[in-house]
1. Taking the Cβ-Cβ separation of His84 and Gln14 as r and a Förster radius of 30 Å, what is the calculated FRET efficiency to the nearest 0.05?
2. Quickly work out the Leu133-to-His65 label distance, labels modelled 7 Å from Cα along the C-beta direction, and quote it in nm with one decimal.
3. Would you give the gap between the C-alpha center of region 86-147 and the C-alpha center of region 48-67, rounded to a whole Å?
4. Using the Cα centre of the chain as origin and beta-carbon charges of +1 (Lys, Arg) and -1 (Asp, Glu), tell me which of Val127, Gly100, Leu148 is placed farthest towards the positive end of the dipole.
5. Of all the C-alpha pairs in region 91-170, what % are more than 16 Å from each other?
6. By how many nm would the segment from Trp25 to Ala101 lengthen if fully extended, with 0.36 nm per residue of separation less the alpha-carbon distance?
7. Can you work out ³J(HN,Hα) from phi for every residue in region 24-35, in order, using Karplus 6.51 cos²θ - 1.76 cosθ + 1.60 and θ = phi - 60°, giving whole Hz and x for Gly and Pro?
8. Using helices alone, what [θ] at 222 nm do you get for the chain, with -39,500 (n - 2.57) per DSSP H run of 4 or more residues, divided over all residues and rounded to the nearest 500?
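The values are calculated or read from the model by the stated rules, or taken from the named source; none is laboratory data. Since the model is a prediction, treat every value here as computed from it, not as a measurement. Cβ sites come from the backbone with ideal geometry, for glycine too, and all protein chains shown count toward neighbours. Accessible surface is based on the protein model in full, side chains and every heavy atom, while ligands, DNA and RNA are left aside. Shrake-Rupley method; radii C 1.70, N 1.55, O 1.52, S 1.80 Å.
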Amino acid sequence: MRDRNPRLNINVAQLLKEPTGAVRWHDLSEEIRGIDHELRILAPLTGTVKMIRTADGIFITGRLHTVLQLECSRCLEPLVEPLHLEIEAEFHPSVNIQTGAKLPLVEPADRATTIDAQHILDLMEIVRQAIFLASPMHPLCREDCAGLCPQCGQYLNEGQCNCVADVVDPRLETLKQLL
Ligand SMILES: [Zn+2]
Ligand SMILES: [Zn+2]
């Protein structure tokens, strides 16, 4: 199951051997389609992450970019949403880099930020969460999207439907008669 998910791997063996405060930069350009079945990813994940050796592990920050296909919350038409992700997380090793000794097992909640026994850090779960955080709650195909007619479902950006006319006409008729 795990292996069928895409991974965003960075080998941090070298950095783990360095003293606290050591810094590495890592450029990403990765295909992340399939990162989540709810997401339609249109572009590779790009950007740079900064990795800092801490006393306990590796602290990651990064500004990443991808493009998502969403649905307009008013008219349901597909729309293209460029996303800018801010990631920040501290990863912890599962084995001691010097001795190879296993470190205490991590809590399941911390698995996403655990460096595996081969010293591979997988950013995928952090990125997946960042995408959900960065996605707009009510995406719009355009600011003034008129949406769909609640009665007949007509796509109102391309013109009014007859339902509206039915509601408006009788009033206009009365007005004409009054005049
Ligand atoms: Zn719309
Ligand atoms: Zn209508």
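1. The pair His84/Gln14 has a calculated efficiency of 0.55.
2. Placing both labels 7 Å beyond Cα along the Cβ direction yields 2.0 nm.
3. If you average the Cα positions of each part, the centres end up 10 Å apart.
4. Sorting the options by dipole projection puts first Gly100.
5. So the pairs more than 16 Å apart make up 70 percent of the total in region 91-170.
6. Here the answer is 24.6 nm.
7. Once θ is set to phi - 60°, the couplings for region 24-35 become 10, 10, 9, 7, 10, 8, 10, 6, 10, 3, x, 4 Hz.
8. Mean residue ellipticity, 222 nm, calculated: -5500 deg cm²/dmol.
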